[in-house]
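The values are calculated or read from the model by the stated rules, or taken from the named source; none is laboratory data. The model shown is predicted, which means the values in this text are computed figures rather than measured ones. So basically every Cβ, Gly included, is an ideal-geometry build from the backbone, and we count neighbours across all protein chains shown.
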Amino acid sequence: MAFGDTLEKVDRRWIFLVVALLVVIPLLFPLRLPLAVSGPARNFYQAVEAVPEGSIVVLAGDFDPASAPELMPMTSSAVRHLFRKNVRIIALELWEGGPPLVDRILHEIGDEMGKKYGVDYVNLGYKSGREAVMPSFGNSFSRTFPNDYSGTPVGKLPLMAEADNFTKTALFVNISAGYPGTKEWVQQVQGRFDVKMVSGSTAVQAPEIYPYLQSGQVLGLLGGMAGAAEYEKSIEYPGPATKGMDAQSSAHMFIVVLILLGNAIYFSRRRANR
Amino acid sequence: MHPSMDFGVWVAAALTLFIFSFLYKDNPLYKFAEHLFVGVSAGYVVVQQFWQVLWPNLIEPATAAGTPDRWKFFVGGLFCVLLFTRLFPAIAWTSRYTIAMLIGTFAGLKVTGFSQAEVVEQVRATMVPLWNAADLGGSFNNLVLVVGVITTLVFFFFSKEHKGAIGATARVGIWYLMISFGAAYGFTVMSRISLLIGRSQFLLDDWLGIVRF
């Protein structure tokens, strides 16, 4: 019991320090642990891969800086994958903090790949109203967003003349950090407008999306940084998520050890008290 | 090592370290960063709501010449103003019209969407074949799914005491629930560690320039 008593008295700050070291050291000196692509991430990749060249895809970036480490890498990978296939993107955001993040990704990757704003991609920006916006957007993109993120009337953007609702789009990509997000898009848009949909979500939210994956309402799912890393591997473009996976695995192993130790102490103490 | 020359990056790095300092103990630097975050977030939302929502959707069309059915925007604006009557007790009751409209609209939206996506589709997805000789793995998965749904539903059936067959079934349901809570906890840990990785990448790359990610 002495070992258990000692462990119980350990200052929690030592645990914080060990976690910090287990995260920082693998970032500085990568271990290059193997990474397998899971079924949901493979399905996400295949759904994007199946989009015909030249089609239009809607991308909703429903997140803000708080979840950027998990969701920015998967958004970048999705945009890169779509642009590589010459697919055009109409983006929107239902979180106040989302527009600058999505706009930066679209412009950076768009410039890198020679894409033109208004022709190859459009960022409609933010609209207040949360899930009430969704069916309205499904009925008419232009009536819901009369102007884009920078205030340009959508009538002046050639891409917007080609699609005003989901019937003219090939896929809906939702990158979601919570409410409103994938759950609400499934409820308000996916079934109502018969939309093919894939989702990238924070790891916290991922378990809530699995039922939609099982039912086929969502075709593919990227869960957290691991999902983002698997997608980066699928498109053969390693980014920050891939480089963060060693740190993630190291920290997880430490937490697993702590849970096992905690349980061992609990059961040994219970046996001693009998 | 190539530290950033961008003043904004140094501010962001300092604020990140101020927040991390709470892990050692509460201190004035943490409090400063916390209050700054709350203030900046509130200010950002107000500006965003005004320029991205109120201005293009209400003020601009209501004041521009040639807007068709301009009266509709004034009706919408009036409902907005009514919400602020809660600040004046004598006429606070008028705000209920706006709230009633919001609740009614939201309930209508939610009922239709929820019924289709959560009830019909999810029930349909549970009606799966339990035996397919050509796909034994799939059959096993379907069996796990159906047993999980039934036993968990039985656990939440409180009209009969959980004894005998019902008790045993409910106990299996508890196991399913515990496994799902464990999975949710695992995903939560992954999410939190990801945030730490994101901040560490920012400090090591954008700020200090030690490694590139």
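Just a few scattered comments:
- Test: residue in region A:126-137 that is within 23 Å of A:LEU71 (Cα to Cα) and part of a strand (DSSP E or B): yes
- In region B:40-58, the residue that is nearest to A:PRO100 (Cα to Cα) out of those that are more than 9 Å from chain A (Cβ to nearest Cβ) and exposed (fewer than 14 other Cβ atoms within 10 Å of the Cβ) is B:VAL47.
- Scanning region B:143-157 for residues that are aromatic (Phe, Trp, Tyr) and outside any loop (DSSP other than H, G, I, E, B) yields a single hit, B:PHE155.
- Within the set B:ARG96, B:ARG70, the sole residue that is more than 31 Å from the chain's Cα centre (by Cα), modelled with pLDDT of 90 or more and surrounded by 13 or more Cβ atoms within 10 Å (Cβ to Cβ) turns out to be B:ARG70.
- The set of residues in region A:136-147 being within 14 Å of chain B (Cβ to nearest Cβ), touching a strand residue (DSSP E or B) at 6+ places or on another chain (Cβ under 8 Å) and modelled with pLDDT of 95 or more consists of A:PHE137 alone.
- Residue within region B:98-120 that is acidic (Asp, Glu) and touching a residue at least 12 places away in the same chain (Cβ under 8 Å) present: no
- Residue count for region B:181-213 under the criterion of being of a type in the set (Val, Ile, Thr), surrounded by fewer than 19 Cβ atoms within 10 Å (Cβ to Cβ) and closer than 21 Å to B:LEU23 by Cα: the result is 2.
- Some residue of region B:122-140 being more than 10 Å from chain A (Cβ to nearest Cβ), exposed (fewer than 13 other Cβ atoms within 10 Å of the Cβ) and touching a residue at least 12 places away in the same chain (Cβ under 8 Å): yes
- Among (1) surrounded by 15 or more Cβ atoms within 10 Å (Cβ to Cβ); (2) not assigned by TED's automatic domain parsing to the domain that holds A:ILE265, the one test that A:ALA20 misses: (2)
- B:TRP10 being farther than 26 Å from A:LEU92 by Cα and out of contact with any Asp or Glu (no Cβ under 8 Å at 6 or more places or on another chain): yes
- Test for B:LEU177: is it facing chain A (nearest Cβ under 10 Å) and at pLDDT 95 or above: no
Conditions tested, residue by residue: (1) within 17 Å of A:ASP64 (Cβ to Cβ); (2) within 9 Å of chain B (Cβ to nearest Cβ); (3) of a type in the set (D, E, K, R).
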{"site": "A:ALA170", "(1), (2), (3)": "no, no, no"}
{"site": "A:SER176", "(1), (2), (3)": "yes, no, no"}
{"site": "A:PRO180", "(1), (2), (3)": "yes, no, no"}
{"site": "A:VAL189", "(1), (2), (3)": "no, yes, no"}
{"site": "A:ARG192", "(1), (2), (3)": "no, yes, yes"}
{"site": "A:LYS196", "(1), (2), (3)": "no, no, yes"}
{"site": "A:GLN205", "(1), (2), (3)": "yes, yes, no"}
{"site": "A:GLU208", "(1), (2), (3)": "no, yes, yes"}
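- Conditions (1) within 14 Å of chain B (Cβ to nearest Cβ); (2) over 17 Å from A:GLY200 (Cβ atoms); (3) not hydroxyl-bearing (Ser, Thr, Tyr): number failed by A:LEU101: (2)
- Only one entry in B:SER4, B:SER21 is closer than 22 Å to B:GLN201 by Cβ, more than 13 Å from chain A (Cβ to nearest Cβ) and of a type in the set (Ser, Thr, Tyr), namely B:SER4.
- Within region B:1-24, the set of residues being touching a Lys or Arg at 6+ places or on another chain (Cβ under 7 Å) and surrounded by 15 or more Cβ atoms within 10 Å (Cβ to Cβ) comprises B:THR16 only.
- Annotation note: of B:PHE213, B:PHE140, B:PHE202, the sole residue that is in a helix (DSSP H, G or I) and closer than 30 Å to A:LEU21 by Cβ is B:PHE202.
- Yes/no for A:PRO153 being at pLDDT below 95 and out of contact with any Cys (no Cβ under 7 Å at 6 or more places or on another chain): yes
- Test: residue in region A:114-135 that is more than 10 Å from chain B (Cβ to nearest Cβ), crowded, with 18+ Cβ neighbours inside 10 Å and under 15 Å from A:PRO180 (Cα atoms): yes
- Being surrounded by fewer than 22 Cβ atoms within 10 Å (Cβ to Cβ), under 22 Å from A:LEU222 (Cα atoms) and touching a Ser or Thr at 6+ places or on another chain (Cβ under 9 Å) is true of A:GLY97.
- Restricting attention to region A:214-226, the residues that are of a type outside the set (S, T, N, Q) and within 10 Å of chain B (Cβ to nearest Cβ) total 5.
- Those residues of region B:25-39 which are part of a helix (DSSP H, G or I) and surrounded by 11 or more Cβ atoms within 10 Å (Cβ to Cβ), in sequence order: B:LEU29, B:TYR30, B:LYS31, B:PHE32, B:ALA33, B:GLU34, B:LEU36, B:PHE37
- Candidates A:GLU162, A:GLU184, A:GLU236, A:GLU230: the one that is out of contact with any helix residue (DSSP H, G or I) (no Cβ under 8 Å at 6 or more places or on another chain) and of a type in the set (D, E, K, R) is A:GLU236.
- Within region A:96-120, the residues that satisfy the criterion of being in a loop (DSSP other than H, G, I, E, B) and at pLDDT below 95 are A:GLU96, A:GLY97.
- Yes/no for A:ASP164 being in contact (Cβ under 8 Å) with a residue 12 or more places away in the chain, more than 10 Å from every other protein chain (Cβ to nearest Cβ) and surrounded by 19 or more Cβ atoms within 10 Å (Cβ to Cβ): no
- Where a residue in region A:63-76 is in the same structural domain as A:VAL23 (by TED's automatic domain parsing) and its partner, wherever it lies, is surrounded by 24 or more Cβ atoms within 10 Å (Cβ to Cβ) and modelled with pLDDT of 95 or more, with Cβ under 6 Å and at least six apart: none
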